[in-house]
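Below is one structure; the comments refer to it alone.
The values are calculated or read from the model by the stated rules, or taken from the named source; none is laboratory data. None of these values were measured; they are calculated from a predicted model. All Cβ positions, glycine included, derive from the backbone under ideal geometry; neighbour counts span all protein chains shown. Side chains included, ligands, DNA and RNA excluded: accessible areas come from the protein's heavy atoms. Shrake-Rupley method; radii C 1.70, N 1.55, O 1.52, S 1.80 Å.
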Amino acid sequence: MNIGFVIGVFGILILAHATYSTIQYRSYLKILEEEFSSPPFNVVVELILGLVLCLWAALAVPGKFLSIHPDSEENRIVSLPANLDFMIFNHRGRALPTDVNMKLKC
Amino acid sequence: MVGASEEVELNRLENQVDNGGGGVWEYLCLVRKLKVRRSDKVLKHGLSILNDSKKRSKLGGEEWTLYEQVAVAAIDCQCLDVAKDCIKALQKQFPESRRVGRLEGMLLEAKGLWADAEKAYSSLLEDNPLDQVIHKRKISMAKAQGNVSAAIEGLNKYLDIYMADHDAWRELAEIYVSLQLYRQAAFCYEELILSQPTVPLHHLAYADVLYTLGGVENLQIAKKYYAATIDLTGGKNTRALYGICLCTIALGQLTKGRNKEDKESSELHSLAATALGKDYKYRAPDKVSLLTATLGNLKLS
């Protein structure tokens, strides 16, 4: 999680730097009195790099992914719950000896 | 639903609690969450918390949930004195509660005072005629008295109103199976598969019922549902693998002579057999010879 977090901070810094360079480039163009057609190549590279790093951080930082496969260990259903709403009490457990000492003290 | 990893966790906690290793409250919570019936253990360990005033006060409001859980467990274990005391404590806290009234009814049931329990439930239903749990208690009371036809009638009436209650559908299916009314049971399982299509155990139960009914068409459908179970469990359900083998052999016997699509079915059969063999080798190596003998016998007969 720590590494992912550092990478995320780094990615945001790179994006901020790309913004700053674009603004600078545009003011430079204004001085030269030229039309803005597209950002310079190094800014585009910086943007892509920032995007990749931020994506990585967004996937790594929040936590583990959960499986969506029905047959994975977390999701595989091995038994149904006992139907407790329909439980009946005159079963064979009645004949078994129970611990007589159990008492609720209060 | 009890998942595979949850089952492992439950067994681990149960072991730990039985050996006095703490984690009792977590165990009781898990039992409640998974709705498993471990009444003897819940009673023993739940009482140990309730009798220790320091531990009990630590639970805060959850204390009353534990009282209810222990009361039901005590009724199930026929420790009626404990149950009575728990219900008394609950009644003191919640004097007008219907939930406590239900527990009293259950206590009467456990004592075998059916008429009194019936009266208690009826008066509770007058208060709130839509209380599902009390309707279910009335049905199970009929079942407990051995009056299965009344239970079926009650369940059918109940399901006319609450069609989405899959627990009730399952109960009805199990009652029908116990009476060998397989067609009716199959209908209930179809309903269950529709409402919970991702639960492999419904597919499995449906396939079992169809296999029991017999006949070429039913066997073919049963095989498909066994295959669906295998699909949903990743091949870790032994019963479904056996089901495939048995269905294939039964089909082979019925369609002797006119063997269409024989090739495909034998492929599925041999795949299931190898999966079974692998599973046995992994989990019970000393029983592999038994398995091969059984499968060989099935093929011969």
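Taking the criterion of being under 28 Å from the mean Cα position of the chain (by Cα) and at pLDDT below 90, the residues of the stretch B:50-69 that qualify are B:Glu62, B:Glu63.
Scanning the stretch A:28-42 for residues that are among the hydrophobic types (A, V, I, L, M, F, W, C) and open to solvent by 70 Å² or more (accessible area, probe 1.4 Å) turns up A:Ile31, A:Leu32, A:Phe36, A:Phe41.
Scan the stretch B:40-51 for residues that are open to solvent by less than 70 Å² (accessible area, probe 1.4 Å), at the interface with another protein chain (Cβ under 8 Å from one of its Cβ atoms) and assigned to a helix (DSSP H, G or I) and the total you get is 3. Residues that are over 19 Å from B:Lys136 (Cα atoms) and open to solvent by less than 60 Å² (accessible area, probe 1.4 Å) were ranked within the stretch B:190-204; the one that is farthest from the other protein chains (Cβ to nearest Cβ) is B:Ile193.
Here is a check on your reading of the model: is B:Gly112 exposed (fewer than 14 other Cβ atoms within 10 Å of the Cβ), over 25 Å from the mean Cα position of the chain (by Cα) and farther than 30 Å from B:Tyr189 by Cβ? Spelling it out, it is not the case that B:Gly112 is exposed (fewer than 14 other Cβ atoms within 10 Å of the Cβ), over 25 Å from the mean Cα position of the chain (by Cα) and farther than 30 Å from B:Tyr189 by Cβ.
A single entry from B:Leu213, B:Leu219, B:Leu232 fulfils the requirement of being within 14 Å of chain A (Cβ to nearest Cβ) and either in contact with a strand residue (DSSP E or B) (Cβ under 8 Å, 6 or more places away or on another chain) or modelled with pLDDT under 95 (or both): B:Leu232.
Among the conditions (1) surrounded by fewer than 14 Cβ atoms within 10 Å (Cβ to Cβ); (2) out of contact with any Asp or Glu (no Cβ under 9 Å at 6 or more places or on another chain); (3) outside the structural domain of B:Lys278 (by TED's automatic domain parsing), the only one that B:Ile175 does not satisfy is (1).
Select from the stretch A:51-106 the residues that are surrounded by 14 or more Cβ atoms within 10 Å (Cβ to Cβ) and more than 8 Å from every other protein chain (Cβ to nearest Cβ) and list them in ascending order. Across the stretch A:51-106, the qualifying residues are A:Leu51, A:Leu53, A:Cys54, A:Trp56, A:Ala57, A:Ala60, A:Val61. Checking B:Ala151, B:Ala207 one by one, the residue that is within 20 Å of A:Ala82 (Cβ to Cβ) and either surrounded by 18 or more Cβ atoms within 10 Å (Cβ to Cβ) or out of contact with any Leu (no Cβ under 9 Å at 6 or more places or on another chain) (or both) is B:Ala151 and no other. Residues in the stretch A:48-106 that are of a type in the set (Val, Ile, Thr) and within 30 Å of B:Leu113 (Cα to Cα): 3 in all. Across the stretch B:146-172, the qualifying residues are those that are part of a loop (DSSP other than H, G, I, E, B) and either touching a Phe, Trp or Tyr at 6+ places or on another chain (Cβ under 9 Å) or of a type in the set (Asp, Glu) (or both), and the one among them that is farthest from B:Gly112 (Cα to Cα) is B:Met163. None of B:Arg56, B:Arg98 is within 22 Å of A:Phe86 (Cα to Cα), open to solvent by 20 Å² or more (accessible area, probe 1.4 Å) and of a type in the set (Lys, Arg) except B:Arg98. Taking the stretch B:51-72 as the range and being closer than 16 Å to B:Glu104 by Cβ and among the aliphatic types (A, V, I, L, M) as the test, the residues that pass are B:Val70, B:Ala71, B:Val72. Among the residues of the stretch B:17-31, those that are touching a helix residue (DSSP H, G or I) at 6+ places or on another chain (Cβ under 8 Å) and assigned to a helix (DSSP H, G or I) comprise B:Val17, B:Asp18, B:Val24, B:Trp25, B:Glu26, B:Tyr27, B:Leu28, B:Leu30, B:Val31. Here B:Ile87, B:Ile134, B:Ile75 are screened, and the one residue that is farther than 28 Å from B:His166 by Cβ and open to solvent by less than 10 Å² (accessible area, probe 1.4 Å) is B:Ile87.
Remark: B:Ile161 falls outside the filter, which requires a residue to be touching a His at 6+ places or on another chain (Cβ under 7 Å) and not assigned by TED's automatic domain parsing to the domain that holds B:Leu271.
Right, B:Lys92: in contact with a helix residue (DSSP H, G or I) (Cβ under 9 Å, 6 or more places away or on another chain), assigned to a helix (DSSP H, G or I) and open to solvent by 60 Å² or more (accessible area, probe 1.4 Å) or not? No.
From the list B:Tyr280, B:Tyr211, the lone residue that is more than 30 Å from B:Ile175 (Cα to Cα), outside any loop (DSSP other than H, G, I, E, B) and among the aromatic types (Phe, Trp, Tyr) is B:Tyr280. Checking each residue in the stretch B:5-32 for being at positive phi and open to solvent by less than 50 Å² (accessible area, probe 1.4 Å) picks out B:Gly22, B:Gly23.
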